[in-house]
Amino acid sequence: MDIFNLTLQNEALTVIFFAAVFIPALAGTILSLMFRYNKVANLIAGLCITSCAVGIAAYPLRALGVPLSYTFPLSSAVGDYALAIDQISSVMISLSSVIFMLIVVHVVKSSSDSGCRYSGLLNVLFIASFLCMAADSVLVLLISWEMITLSTFLLAKKGNNDRARWMFFVIAHIGGLMLMCAYGYLAWVAGTQTLSDWNGLGAIVGSTTSMILVLMIVMGFGTKLGLLPFHAWMPGLYGTAPTHTAALLSTVCSNVAVLTIFKSIYSYIGVTESMSVIAFAIIGLAAATALWGAMESLVQKEPKKILAYSSVENMALVILCLALGMIYINESPVFAKLILIAGLLHTLNHSVFKSLMLMTIDTVEDCTGEKNIGRMGGLAKTLPLLAVVSIIGVFSMAAIPPTNGFVSEWLMIQSIMGVNLQSKGMSLLIPLVLAAVGICGMMMAASYARLYGFIFLGRPRSDGMREPRPMKNGTLLPMAVLAILCVGMGFFATVIMDVLTTGVVSVTGIAPSPSYRSVMSEEMLPLILGVLIVITSVAVLLVVRPGKEREVRTWGCGEDLGKEMQYSSIGFSQPLVRVFHPFYGDTTVVRETKEGSKKTVHTEFTEPFVRYLYMPLGNAITAISEKISKTQTNRIQTYFGYVLITLIAVLLAVRIL
Amino acid sequence: MIVTDTTSCDSDLLAQYVKTYYSDGWRMISMFASESYPGATINVLLRRGGEIMRITSEVVDSYPAVAAQVPAASLFERVIYEMNDIHPDGHGNLIPAIYWRKGDGHPLQKRPYDTYNEIRIPIPNNPIRGTGVYEIPVGPVHAGVIEPGHFRFSAAGEPILHLSIHLGYNHKGIEKMMEGPVSKNRTYLAERISGDNAVAHGLACAHIMEGEAEIPDRARRIRVILAELERIHNHLDIVAGLCTDSAFVVAAAYGAEVREELLRTNRRIFGSRLLMGNIVPGGVKRDLSDGDMSELESAVMKVGFGAKKLDGYIRKTPSIVDRLETTGILSNENALRYETVGVIARASGIRSDVRAEVPYDAYGDLSFSLITRDKGDVMSRCAVRVDEIAESVSLILQCLAEMEEGEIRTDFKTPDGFSCGLVESPRGELVHSADIRDGRIWRYNIRDPSFVNWPSMETAVMDNIVPDFPLINKSFGLSYSGNDV
Amino acid sequence: MNYLEIALMILQFAALILISPLITGIIRKIKARMQNKVGASIFQPYRDLHKLLKKESVVSENASFFFRLVPYISMTAMILLAAMTPFVYGGVIAPYSDVIAMVYIFTMFRFAMIVGGLEGGSAFGGMGSSREVMMSVLIEPALLISIMTLSAMTGVGFNITDISGSINAAGAAAISPALLLAGAAFVITMVAENTRVPFDNPDTHLELTMVHEGMLIEYSGRGLAMMETASMLRLTIFMTLLGTVFFPWGTAMTLSIADLALSVAVIIVKLLVIAFGIALLESIIAKMRVFRMPNMLTASFALSLMAMISLYVL
């Protein structure tokens, strides 16, 4: 390993690394502009996979001591374009690259969302997310964030879903504007563009201003994470966009946002004692968002929308952790460390299981042509492998031990409960937050049970489900990898937690000792619990082996079971809807049809935020977007033109600030 | 009991006739077709208070449906269509009355009936569709030991959006078996129509057989005792059953115990737990000795106290009161619209009781009050039952106190012609009617109160939640076997 | 830990598992006596399980691999919990008995059962699952918070044996509003979690009213035997938790013969008292309406929340 210690070689390695990340992806982007053949599409996707594969090397290289910082030999009037990957970013980049790669592999194999344009945009999105996570100057951060928004906006095009896309576009830009103001102001205060030089700017600007800045940054990135009330675009876009776009949005883009929020709060601005007010506000908002997401996911009719709200809930929990950290950091630093680790770990875990589930849904939709969960069912009999893979994802999402989803929730509850806060007022937070986490957890579990149960179990509810097309070759591969990751990251969670500790320590400046492990209930519990579960189940299996078995038709009380005599997904959540009805409003409409005695019952759920906040807004926007859509030519060159124009606008805006 | 008035009309005018009578306050109690070569006679029995009117109409193989004018006829016409193959034109809802059966013919026709094949007609789907609406099939084979019947719920979650009740699995062909020479043992068969209402069915049959014969006073009083004993054990069974279904086990066990005591007394005194074989045309089978009477008196009083105690258990436990109140409301309007009878009608505020309106046997000499409630929920039906037990106890005690020595049977001759027997069975107004020609029963019709009450349950359960259905069903306490004669 | 201690631990673990059908038998017997019935022998559950284990399974043709997995997941979860639960003297795997993990293992059991209920493709399984979901959304947080209250109250971390030991050592001083409120919440949770009256009727055979039985409706033979055992075990574990964690006085703190003997006697008395309490409760109240349950469960949730708040405020 001697050679890596030589500075020159390290620098060379850095350049090679960045080159290897950017060149294939850039080449892919350029190719996509030039060609429109489907054969080229695979090549372009292959280039993206290459870039991702290189991206995975970020953490190992960083761990080996390669500095991974680079300034582009370009300079603009407002500053340099610098990249620097610190420890926590390298973890995020590596895992995000894995997820990105697997999603692109799935894109290639499933071919439901293919074409030069799509693959090219994937390359753009990868570059953008990489840049955003690696950014060391404000300019790179803002530009790449804008690129993420634009490329996902373009990636989301499928059929006629302009309404959902424009909603996303507008909301994301509200967030972008907030971010631009916040970072512009910070840059002005700091007097430098370089992010790594920003440290504790909160002390300079004063507590009130820094609280406003924290709020703006959280809300700004929160528009992508789906914080209330900015979550409204998510179900619409997830429901209508290509599933892989949704997967990328919910995993890689969320990772980027969480990472940047984390670094902004704890490093750039820095947490001071007087900031607990805003922490409380964010905790309240995050808890409300989590509950809202959990509740709404229960009534969704499309699997993708269920997962959209699940993302809302999961990301809200992460924000909750980050905000709790702001309170803990002054009271009990070791618990602050623990809760930040919990939050970051949950971000990583979320990206693993969520991408797995979205790929599953894509495969289901691809094989059956069915989008409505009310018409699904019985796939476990026809696509057993897919069912096995996705039950692991579902277990993970529902936080069932020994999967990774369990570990992060377990850590979260530990750090919420373990801390000993000085003031009684703050202590009151603990039971309330715990209650919110508890209710969300079980509601989401219910929602996931519904998701799995009504897609894979029971009897098929439509023809497409009865005889699905076989899965395309190789689509199972990325899902299997992710499923293994779900379990593996559960068993070996402590390894990842140790890695995250270093990052948390370096970003927040909390003393490395005492180790977070000193406050954990049992050092190696995830592994031990996993092993115990395995041993016990093997023991049970050995003692009570499966006995004789006879397959019969499901008992229908002496009559044949018709196709409608099966519990429905809407019925499944109806009791909960009734219990929590104030949040759902009146939902059932009975209509008498003209043939006398025949009746039709419709159950419709409209998200109240959409109905009362966005509908009036949206109507106005639709009118505008209809005018704008005339300028859409469906040609990628035109889109890139728009990207360019927006970028120039951004640059100008930054310049003015 | 002889019908007060008979008119006949053209089959085209039948519906109009019935409608005219309806507007005059008459109410249909039975309707059936009696085969006669060629064609058949449609008989419609109407009642207004104590008067009974029969309208007859000759038809060939079809006639304009009465149901089009009078909805109450709908049920009867379904059966007429299936049993006699006479088509009511414009009926609109001719779903089958029997889904599983032997033979593909029309059993009540006089021609030979082939029972070789087993026919299973698929049960139609409920007429309600929509997002997330599913059907819950329950029965005909149930998890518990109850009679067969198919219930098809439509729901999208817990509230019931629609319920269709499909019965007919118990069809035994009793109406057909009743045909033949008039003999005393017809009551034997009648008692088996619905075993828990043996006395009521036996009495109704006996009333037909006896014609105008004078029944000895002692026999008439014993008949009342039997009928009221039957009412008590039926009501107790249902009240205890309500407790069982709501997992209120101690009260349920107590109710079952009280009922069991009574049944054992029945066995000792009358030789049958369910009082079978006691009603014979012309009187009763068994006389009561003084010892029997005193035993019966103390047993009945014990039951009266037991029922009070059971009622106390229920009323003093908020959890079960909460469960029973506001559940399964059958509003007064619906009870009238569906022409319900018996306990169910009385719990919905309708004052109808055959014992008071058309007194038979000794009821005319006895005093009792008519129990009603007006909420129409499960609790009301339960309360009506509990209070009726007390009334029955008082009736039995009155009979025992004024019992005079005398004969218990008399000779009689069954007159030819049409006659009907009306009895207030524990479930409500029970109607048997028979067309007797040359000493032979040509056509025997049985209309159990369950037959007219079943459809009303379809509205009573609406908007209740699925798990409350067993309670509602139990509170109606209807007979499957009586419905599917 | 010496060998004797390990042997004792394994013995008590085996005992906890083996007595669970007996506890169910005893509750049934007490209930029968309260109804003036003779009732089946208290060993009847063993006979039932034995019978079921011998029978072949009849499985719906719509059921997938997961259906066959659910009994194993349930049994695994319950055996693991039995190993963690302090019984006579700490749990078998005492160093690893984390309370949060225990709550999540309960969730694992529940989740598997809810999903398994959807396997048959009929209306009844789904109906049971959907009702269970409604209840568990309120039960699970109440359970979590009430147990967490103890953890926060004692301040000894998340190990259930430590929590139990700490309350035990504090003696009567541990009786505080927080403990009592949490205990009350836990009792409601216990009744609801084990689907007893008034939340569900464990003896019902009315298809339309089932909750827990609804989810088990497609199981038979071995699978049913395992699910039934898991349910009985769950009841026993909850009763034991109530007896040894919420009110742990009398549980052995040292490994002396006298202490252990006392502990055995005390736990038997506690279990019998709780069994009697459950039987009494089931005898004097009727099953609630399905949509009344949330009120009761919310009460339990609120109690547990109050317990925890009282901890920080008082």
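The values are calculated or read from the model by the stated rules, or taken from the named source; none is laboratory data. Note that the structure is a prediction, hence the values are computed from the model and not measured. Note: ideal-geometry Cβ built from the backbone for every residue, glycine included; neighbour counts use all protein chains shown.
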**Asked** Looking at B:Leu94, B:Leu75, B:Leu108, which one is over 30 Å from C:Met210 (Cα atoms), at pLDDT 85 or above and out of contact with any Pro (no Cβ under 9 Å at 6 or more places or on another chain)?
**Response** B:Leu108
**Item:** Output for the range B:367-425, where each listed residue is of a type in the set (Lys, Arg) and surrounded by 19 or more Cβ atoms within 10 Å (Cβ to Cβ)
**Value:** B:Arg381, B:Arg385
**Item:** Single residue of A:Ala53, A:Ala45 found to be more than 30 Å from A:Gly503 (Cα to Cα), at pLDDT 85 or above, part of a helix (DSSP H, G or I) and not basic (Lys, Arg)
**Value:** A:Ala45
**Prompt:** Looking at the range B:264-290, which of its residues are part of a loop (DSSP other than H, G, I, E, B), in contact with a His (Cβ under 9 Å, 6 or more places away or on another chain) and in contact (Cβ under 8 Å) with a residue 60 or more places away in the chain?
**Reply:** B:Leu274, B:Leu275, B:Pro281
**Message:** Against the conditions (1) within 26 Å of C:Lys287 (Cβ to Cβ); (2) free of Cβ contacts under 8 Å to residues at least 60 places away in the same chain, where does C:Tyr219 fall short? Just the number, please.
**Reply:** (2)
**Message:** I'd like to know if the range C:209-231 contains one or more residues that are part of a loop (DSSP other than H, G, I, E, B), among the hydroxyl-bearing types (Ser, Thr, Tyr) and at pLDDT below 90.
**Reply:** no
**Prompt:** In the range C:65-88, is there at least one residue being part of a loop (DSSP other than H, G, I, E, B), on the phi > 0 side of the Ramachandran plot, crowded, with 24+ Cβ neighbours inside 10 Å and not acidic (Asp, Glu)?
**Reply:** no
**Hits in the range B:449-484 - residues which are crowded, with 24+ Cβ neighbours inside 10 Å, away from chain C (no Cβ under 14 Å) and touching a strand residue (DSSP E or B) at 6+ places or on another chain (Cβ under 6 Å)** = B:Pro449
**Message:** Being surrounded by fewer than 18 Cβ atoms within 10 Å (Cβ to Cβ) and either in contact with a Pro (Cβ under 9 Å, 6 or more places away or on another chain) or not aromatic (Phe, Trp, Tyr) (or both) narrows it down to one residue among A:Ala57, A:Ala25, A:Ala82, A:Ala20; which is it?
**Reply:** A:Ala20
**Complete:** Here the residues within the range C:43-57 that are in contact with a Ser or Thr (Cβ under 9 Å, 6 or more places away or on another chain) and either crowded, with 17+ Cβ neighbours inside 10 Å or under 18 Å from A:Val540 (Cβ atoms) (or both) are C:Pro45, C:Leu49, C:Leu52, C:Ser57
**Request:** Run down B:Leu45, B:Leu14 and say which single residue is within 19 Å of the chain's Cα centre (by Cα), at pLDDT 90 or above, buried (at least 18 other Cβ atoms within 10 Å of the Cβ) and outside the structural domain of B:Ala206 (by TED's automatic domain parsing).
**Result:** B:Leu45
**Asked** If you go through the range C:81-95 one residue at a time, do you hit one that is facing another protein chain (nearest Cβ under 8 Å) and touching an Asp or Glu at 6+ places or on another chain (Cβ under 8 Å)?
**Response** yes
**Asked** What are the residues in the range A:403-426 that are closer than 27 Å to A:Ile392 by Cβ and charged (D, E, K, R), if any?
**Response** A:Glu409
**Request:** Could you grab me the full set of residues in the range C:169-184 that are in contact with a Ser or Thr (Cβ under 6 Å, 6 or more places away or on another chain) and away from chain A (no Cβ under 12 Å)?
**Result:** C:Pro177
**Message:** Residues that are away from chain C (no Cβ under 14 Å) and under 21 Å from B:Arg355 (Cα atoms), at least 1 per element: which helices (runs of 4 or more DSSP H) completely within the range B:163-262 meet that?
**Reply:** B:186-190, B:198-210, B:217-245
**Prompt:** Is the range C:98-106 home to any residue that is touching a residue at least 60 places away in the same chain (Cβ under 8 Å), more than 9 Å from chain A (Cβ to nearest Cβ), in a helix (DSSP H, G or I) and under 20 Å from A:Met443 (Cβ atoms)?
**Reply:** yes
**Prompt:** Of all residues in the range C:107-124, how many are at the interface with chain A (Cβ under 7 Å from one of its Cβ atoms), out of contact with any strand residue (DSSP E or B) (no Cβ under 6 Å at 6 or more places or on another chain) and part of a helix (DSSP H, G or I)?
**Reply:** 5
**Set B:Arg409, B:Arg373, B:Arg385: member being basic (Lys, Arg) and touching a His at 6+ places or on another chain (Cβ under 9 Å)** = B:Arg385
**Message:** Just the residues that are within 20 Å of B:Ala204 (Cβ to Cβ) and modelled with pLDDT of 95 or more, please, taken from the range B:352-395.
**Reply:** B:Glu388, B:Ser392, B:Leu395
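Results for (1) surrounded by fewer than 18 Cβ atoms within 10 Å (Cβ to Cβ); (2) under 16 Å from the mean Cα position of the chain (by Cα); (3) of a type in the set (Phe, Trp, Tyr); (4) farther than 29 Å from B:Ala97 by Cβ, shown as yes or no for each residue.
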site	(1), (2), (3), (4)
B:Gly195	yes, yes, no, no
B:Pro216	yes, no, no, yes
B:Val224	no, no, no, yes
B:Glu261	yes, no, no, yes
**Complete:** When restricted to B:Glu82, B:Glu58, B:Glu77, B:Glu35, the only residue crowded, with 23+ Cβ neighbours inside 10 Å, among the acidic types (Asp, Glu) and farther than 18 Å from B:Val3 by Cα is B:Glu77
**Request:** Can you give me the number of residues within the range B:134-158 that are out of contact with any helix residue (DSSP H, G or I) (no Cβ under 8 Å at 6 or more places or on another chain) and crowded, with 20+ Cβ neighbours inside 10 Å?
**Result:** 5
**Asked** What helices (runs of 4 or more DSSP H), lying completely within the range A:496-584, carry at least 1 residues that are under 30 Å from C:Asn295 (Cβ atoms) and within 7 Å of another protein chain (Cβ to nearest Cβ)?
**Response** A:569-579
**Message:** I'd like the residue in the range A:442-493 that is among the polar types (S, T, N, Q) and away from every other protein chain (no Cβ under 14 Å) and, out of all such residues, is nearest to A:Met101 (Cα to Cα).
**Reply:** A:Thr475
**Request:** Could you list, in sequence order, all residues of the range B:99-125 that are buried (at least 19 other Cβ atoms within 10 Å of the Cβ) and either polar (S, T, N, Q) or touching a helix residue (DSSP H, G or I) at 6+ places or on another chain (Cβ under 9 Å) (or both)?
**Result:** B:Leu108
**Prompt:** Is it true that some residue in the range B:379-397 is in a helix (DSSP H, G or I) and within 14 Å of chain C (Cβ to nearest Cβ)?
**Reply:** yes
